[in-house]
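The values are calculated or read from the model by the stated rules, or taken from the named source; none is laboratory data. Source: prediction; values computed, not measured. Here Cβ is always computed from backbone atoms with ideal geometry, including for glycine, and neighbour counts include all displayed protein chains.
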Amino acid sequence: MEVRWIGVEPPRLGPPYTAVGLIFSLLLGVWSAQALEMIVGKIPFLEAVNGSTVMLPCTYASCIGIENLYFNWQFNDNGTMHKVCDSVITAEGVVPDVNIYRDRVEFVGKNIKNNVSILLWNITFEDGGLYTCFGRNPKEKYKNHSAIFNLIVVDELRVVDNTLTIMIASAVGGAIAAMMGFMLLKNFTIFVLAKLEEKNKECLVSSSGIDNTENGLSGSKADSKPTPKKK
């Protein structure tokens, strides 16, 4: 159905409506920033030796809190996702009853400080790959988020050669030390030159006074003798 305006102009959205739209967009952005976030740490990978025990870290964050938060860990096996464990956390601080679907897996998060990490015992090369920590929070209109952690299983840990790093650090440190030494020497030289210039000025003033005395100028010793009276 088409609406026609007869005799009057249709209303236009002026500056007040534009401001309201801007405020609404900002509020929407703030709400989005409060959404659930799953975090696997600043370094989302780990290189571990075959046969060792490792922890896959994961914590969740939500500015408005959680309620019946569902989370799980999944393993990517050549493109096929296999569930490792899952559970529901009813409220903050409640320790969840976790279902384990894979051997040698232990839930160690206990929901302490929003922690939902797991432990892998006696890892093998088949355990290496991508693990996804997933969460969904009904309190935030079922907002969900996931983070990926990469586990790399090796025969032995490689020895990292830090020679180049040490050389670079030494060169940078040497350059900084040389610059500081140059600045100190420069300041000392400027100070000495200023002192010498000041001393030269004093010498010039003294020499000028001596010359005036010898030439018999006003204010010198020659003016101190009285003029002889005429008889």
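Note on segment 86-134: among residues that are of a type in the set (D, E, K, R) and part of a strand (DSSP E or B), the one that is nearest to LEU36 (Cα to Cα) is ASP86. Restricting attention to segment 21-61, and to residues there that are small (Gly, Ala, Ser) and surrounded by 15 or more Cβ atoms within 10 Å (Cβ to Cβ), which single residue is modelled with the lowest pLDDT? Of everything passing the filter in segment 21-61, ALA35 is modelled with the lowest pLDDT.
Answer yes or no: is there a residue in segment 167-174 that is assigned to a loop (DSSP other than H, G, I, E, B), at pLDDT below 75 and among the hydrophobic types (A, V, I, L, M, F, W, C). For segment 167-174, residues assigned to a loop (DSSP other than H, G, I, E, B), at pLDDT below 75 and among the hydrophobic types (A, V, I, L, M, F, W, C): absent.
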